[in-house]
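Novice: Pasting in a structure now, in structure tokens, and then I'll have a few things to ask.
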Amino acid sequence: MGIYDKQAAERAREDERAWESGELRRTLERAPESQDRFLTVSGREIQRLYTPSSAPALDYAADLGFPGAYPFTRGVYPTMYRARQWTRRQIAGFGTAVATNERYKYLLAHGQTGLSTDFDHPTLTGYDSLHPLAEGEVGRLGVAIDTARDMSDLFDGIPIDKVSISLTINHPAIVLLSFLLAHAEQAGVAWETLRGTVQNDALKEFHGQKTFALPPRGAYRMTMDVVEFCTRNVPNWNTISISGYHTREAGSTAGQEVGFTLAQGMAYVEGGLRRGLSPDEFGPRLSFFFGVHMDFFEEVAKLRAARRLWARIMKERYGATDPRAMLCRFHAQTLGSTLIREGPLNNLIRGSTQAMAAALGGAQSLHVSGYDEAHDIPSEDAMRMSLNTQRIIGNETGVANTIDPLGGSFFVERLTNEIEEEARAYINVIEDMGGGEGVLSGMFAAIENGYIEREISDAAFDYQQRIEDGAYQVLGLNDREEEPAPPPELYEHDDDEEERQVARLEKVVRERDASRADAALDALRHAARGDENTMPFIMEAARADASEGEIMAALRDVFGDHEDPAVF
Amino acid sequence: MTTPKPAKIILAKLGLDGHDRGVKVIAKALEKAGMDVVYMGMRVTPEQVADRAQEENADVIGVSLLSGAHKPLMAKLMKAVEEREMRGEALILLGGTVPDADRESLAEIGVDGVFPVGSSLRDIEAFITERLSAREERG
């Protein structure tokens, strides 16, 4: 049954036509609208008005349902923010582990409720701080972690069995998670009590973020080794944060973000099935990560569409029966690329609008990007303001009082439908590329033939064109202020951190039992050549103080290197 | 009158930085503007960029960096350009997350133009066209 009474809807449609040919037509004759077409940030055309006829087939039970119940359009939990607000999780990481540890303690003291680690480029791409390619980037955009001992410094004095931790790393995720598990062993914390997330989304690295360290198939295997190992040994750990944020940062549309991200998710589910895991077993530990752009309603609809489509895919296609395996639980981050350099304080307004969309979209945790990020990594003040944004939205605006308040809006329901359809269409294109062997094969093909990257670059170019020709006005870009605010006080980068980190790594290498580390790396190479799960071997290398770069080099020995195809 | 040869542009990302949205948008825009664009991709070394620029007899070397490592990496690029005796032959441009405070020191080592995030494609195109035609007139 449709959501609206059929006869009432027909009457409304007739009234609408009468309004269009009467009042509206007369007004348009007198004063035309300011633009011929009104577009969202993603280039989707928006109608003048949405009415019951905009989504006439919407079925309340089948398409919306109740929070905490299939298809979860309205929210993943029955009480949502009335039970507990979203987790305020500002990502942080810079310099050495010791420096970041101080920032963590500052954030926890200022209302942060979970931790998230940003790693520097050498760590993200699997190189030691000593590697020639690492020069100038050690500890620059994130924290430098070379060995398990650095991980112990990072979480020194922080109760890792109580505060949930997110490790934002992908191809070397298996290594950094092993470092964390080794630290837990040292600190006497049982693995079962650890709560947190490792991003571990190998596939998106080829079109978003692009901090790849291995070729697609090797990287994918490492992701699945983590899923399998944690399903059995670290049961409360979220094994993949299937990420659309970076795809959006790379310039995709909202529909592409959902389509490509869910296709990645499907590839992981198919991998789990191939390893004999049931979707009910590992599905509940898959989580998601989306960006939030400026187009308020499109973003809310996008998050709702992702939630519904994932539930449908898990249930209908992969046969999940445990409702927890159907949940698209997600972290949201306001998009760094929407922050404008000129007039940095304006970014506080952007951040609060986006954060509001994340809350209305039903996010489980949130990071509000720092207002100064178009200049440098966020200052302490910027992070404080990001937390304050979350506190004000959560406590003062009333948006947390009721669940999915935009549900039932003619406009939002129509957009939700459109984005779900668009995402499905992308998934179908990708699946077709796999020659009938599922989405996993299709994803490898779509990565290797450059399809995903080209689609995203085309969208990025279109968006830029709309800014160039003034169709989309952005304050500080093509909509200029007379006197923009001066640049903010920036984070001060400590150039000596690189030297300190290199010295730290040299000391660990000097002091460790070299034969134990070498033996662990040899055993890892052997395991990687076969089809054993590599994670127990990486754990042993972590305990032996082998460095991240050494472990990743062992994997590169087996899987090879990946070169950027330079598609544009 | 002969048709002038299109300007040859070498674009690349140095270091480990993966933020390639901007450089790809610029590659596409300059190509559409009729320039001859070679995009070398990510994780390229300064020496590789200089070699390629020499081989291709490039008019412009454009580097994109959002990693914060622009000071050491641009210094290396300038050194590589000098070693190949190409100083002054190609315009050296830098785009990305570059604090205003670093502009002066970049200009001192020979970086001809800095285009921070948010720069317009039109401005970049116009800068290249003007500087190249000024160079032509000087002979």
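The values are calculated or read from the model by the stated rules, or taken from the named source; none is laboratory data. Remember, it's a predicted structure, so these values are computed and weren't measured experimentally. All Cβ positions, even for glycine, are placed from backbone atoms using ideal geometry, and neighbour counts span all protein chains on display.
Novice: Checking the structure you have, find out if any residue of segment B:114-121 is surrounded by fewer than 17 Cβ atoms within 10 Å (Cβ to Cβ), within 16 Å of the chain's Cα centre (by Cα) and within 12 Å of chain A (Cβ to nearest Cβ).
Specialist: Yes, the conditions are met somewhere in segment B:114-121.
Novice: Name the pairs whose Cβ atoms lie under 6 Å apart, with the first residue in segment A:394-406 and farther than 11 Å from A:Met80 by Cα, the second at pLDDT 95 or above and in a loop (DSSP other than H, G, I, E, B), and 6 or more positions between them or separate chains?
Specialist: A:Gly394/A:Gln85; A:Gly394/A:Ala400
Novice: Now, a different point. When you scan segment A:75-98, do you find a residue that is at negative phi, assigned by TED's automatic domain parsing to the domain that holds A:Lys315 and assigned to a helix (DSSP H, G or I), even just one?
Specialist: Yes: one or more hits.
Novice: Determine which member of the set A:Arg350, A:Arg341 is modelled with pLDDT under 95 and either closer than 13 Å to A:Met294 by Cα or within 14 Å of chain B (Cβ to nearest Cβ) (or both).
Specialist: So the residue among A:Arg350, A:Arg341 that is modelled with pLDDT under 95 and either closer than 13 Å to A:Met294 by Cα or within 14 Å of chain B (Cβ to nearest Cβ) (or both) is A:Arg341.
Novice: Here is a further query. For segment A:437-542, give me every one of the helices (runs of 4 or more DSSP H) that falls completely inside it and has 1 or more residues that are within 30 Å of A:Val234 (Cβ to Cβ) and modelled with pLDDT of 95 or more.
Specialist: It comes to A:438-448, A:496-511, A:514-529.
Novice: For segment A:183-194, indicate whether the set of residues that are surrounded by 24 or more Cβ atoms within 10 Å (Cβ to Cβ), of a type in the set (Phe, Trp, Tyr) and not in a loop (DSSP other than H, G, I, E, B) is non-empty.
Specialist: Within segment A:183-194, not a single residue is surrounded by 24 or more Cβ atoms within 10 Å (Cβ to Cβ), of a type in the set (Phe, Trp, Tyr) and not in a loop (DSSP other than H, G, I, E, B).
Novice: If you go through segment A:452-461 one residue at a time, do you hit one that is out of contact with any strand residue (DSSP E or B) (no Cβ under 8 Å at 6 or more places or on another chain) and at positive phi?
Specialist: no
Novice: Let me ask something else. Output yes when any residue across segment A:237-246 is over 22 Å from A:Asp531 (Cα atoms), assigned to a helix (DSSP H, G or I) and assigned by TED's automatic domain parsing to the domain that holds A:Leu415, and no when none is.
Specialist: yes
Novice: Looking only at segment A:119-131, filter to residues that are over 17 Å from A:Val508 (Cα atoms), touching a residue at least 40 places away in the same chain (Cβ under 8 Å) and in a loop (DSSP other than H, G, I, E, B); which one of those is nearest to the other protein chains (Cβ to nearest Cβ)?
Specialist: Ranking the candidates gives A:Thr125 first.
Novice: B:Gly68: within 10 Å of chain A (Cβ to nearest Cβ), farther than 12 Å from B:Lys8 by Cα and in contact with a Ser or Thr (Cβ under 7 Å, 6 or more places away or on another chain), yes or no?
Specialist: yes
Novice: For the list (1) of a type in the set (Gly, Ala, Ser); (2) more than 25 Å from A:Tyr318 (Cβ to Cβ); (3) in contact (Cβ under 8 Å) with a residue 60 or more places away in the chain, I need the number of the one condition that A:Ser369 fails.
Specialist: (3)
Novice: Restricting to segment A:208-233, give me the number of residues that are under 18 Å from A:Thr261 (Cα atoms), away from chain B (no Cβ under 14 Å) and β-branched (Val, Ile, Thr).
Specialist: 2
Novice: Tell me whether segment A:259-268 contains one or more residues that are touching a residue at least 24 places away in the same chain (Cβ under 8 Å), in contact with a Ser or Thr (Cβ under 8 Å, 6 or more places away or on another chain), under 22 Å from A:Arg414 (Cβ atoms) and within 14 Å of another protein chain (Cβ to nearest Cβ).
Specialist: The answer is no, given that none of the residues of segment A:259-268 is touching a residue at least 24 places away in the same chain (Cβ under 8 Å), in contact with a Ser or Thr (Cβ under 8 Å, 6 or more places away or on another chain), under 22 Å from A:Arg414 (Cβ atoms) and within 14 Å of another protein chain (Cβ to nearest Cβ).
Novice: Provide a single number: the residues in segment B:6-18 that are within 11 Å of chain A (Cβ to nearest Cβ), more than 14 Å from B:Leu94 (Cβ to Cβ) and touching a residue at least 40 places away in the same chain (Cβ under 8 Å).
Specialist: 1
Condition check ((1) at negative phi; (2) more than 23 Å from the chain's Cα centre (by Cα)) across all residues:
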residue	(1), (2)
A:Thr123	yes, no
A:Glu135	yes, yes
A:Gly139	no, no
A:Ile145	yes, no
A:His171	yes, no
A:Thr193	yes, yes
A:His207	yes, no
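Novice: Can you spot a residue in segment A:146-169 that is assigned by TED's automatic domain parsing to the domain that holds A:Tyr268, assigned to a helix (DSSP H, G or I), under 22 Å from A:Val502 (Cβ atoms) and in contact with an Asp or Glu (Cβ under 6 Å, 6 or more places away or on another chain)?
Specialist: No, that holds for no residue.
Novice: Search segment A:543-568 for residues being small (Gly, Ala, Ser) and assigned to a helix (DSSP H, G or I), and hand back the single one that is farthest from the other protein chains (Cβ to nearest Cβ).
Specialist: A:Ala554
Residues checked against (1) within 13 Å of chain A (Cβ to nearest Cβ); (2) surrounded by 16 or more Cβ atoms within 10 Å (Cβ to Cβ); (3) at pLDDT below 95; (4) not in a strand (DSSP E or B):
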position: B:Glu47; (1), (2), (3), (4): yes, no, no, yes
position: B:Ala53; (1), (2), (3), (4): no, yes, no, yes
position: B:Ile61; (1), (2), (3), (4): no, yes, no, no
position: B:Glu82; (1), (2), (3), (4): no, no, no, yes
position: B:Glu85; (1), (2), (3), (4): no, no, yes, yes
position: B:Val98; (1), (2), (3), (4): yes, yes, yes, yes
position: B:Asp102; (1), (2), (3), (4): yes, yes, yes, yes
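Novice: For a quick check of your reading: which helices (runs of 4 or more DSSP H) sit entirely within segment A:277-369 and have at least 1 residues that are β-branched (Val, Ile, Thr), touching a Gly at 6+ places or on another chain (Cβ under 7 Å) and under 18 Å from A:Ser42 (Cα atoms)?
Specialist: A:296-312
Novice: Now, a different point. Mind listing just one residue for me: the one in segment A:132-162 that is small (Gly, Ala, Ser) and more than 9 Å from chain B (Cβ to nearest Cβ) and, of those, surrounded by the fewest Cβ atoms within 10 Å (Cβ to Cβ)?
Specialist: The selected residue is A:Gly157.
Novice: Give segment A:283-311 a look and list any residue that's farther than 20 Å from A:Ile169 by Cα and in contact with a Cys (Cβ under 9 Å, 6 or more places away or on another chain), or say none.
Specialist: A:Leu303, A:Ala306, A:Arg307, A:Arg308, A:Leu309, A:Trp310, A:Ala311
Novice: I'm told A:His207 meets every condition in (1) buried (at least 24 other Cβ atoms within 10 Å of the Cβ); (2) over 19 Å from A:Phe290 (Cα atoms); (3) modelled with pLDDT of 95 or more except one. Can you identify the failing condition by its number?
Specialist: Condition not satisfied by A:His207: (2).
Novice: Oh, and also: Scan (1) touching a residue at least 12 places away in the same chain (Cβ under 8 Å); (2) within 30 Å of A:Arg307 (Cα to Cα) for the single condition A:Thr147 breaks and write down its number.
Specialist: (2)
Novice: Something else: Got at least one residue in segment A:505-521 being under 30 Å from A:Pro378 (Cα atoms) and out of contact with any Gly (no Cβ under 8 Å at 6 or more places or on another chain)?
Specialist: Checked segment A:505-521: at least one residue is under 30 Å from A:Pro378 (Cα atoms) and out of contact with any Gly (no Cβ under 8 Å at 6 or more places or on another chain).
Novice: Okay, moving on. From A:Gly68, A:Gly111, which residue is in the same structural domain as A:Asp295 (by TED's automatic domain parsing) and at positive phi?
Specialist: A:Gly111
Novice: Further, regarding this structure: Quick check on segment A:450-504: of everything there that is of a type in the set (S, T, N, Q) and more than 11 Å from every other protein chain (Cβ to nearest Cβ), which residue is surrounded by the fewest Cβ atoms within 10 Å (Cβ to Cβ)?
Specialist: So the residue we want is A:Gln473.
Novice: Further, regarding this structure: Could you figure out which of (1) out of contact with any Gly (no Cβ under 8 Å at 6 or more places or on another chain); (2) within 11 Å of another protein chain (Cβ to nearest Cβ); (3) assigned to a helix (DSSP H, G or I); (4) closer than 27 Å to A:Thr125 by Cα isn't true of B:Glu31?
Specialist: Condition not satisfied by B:Glu31: (4).
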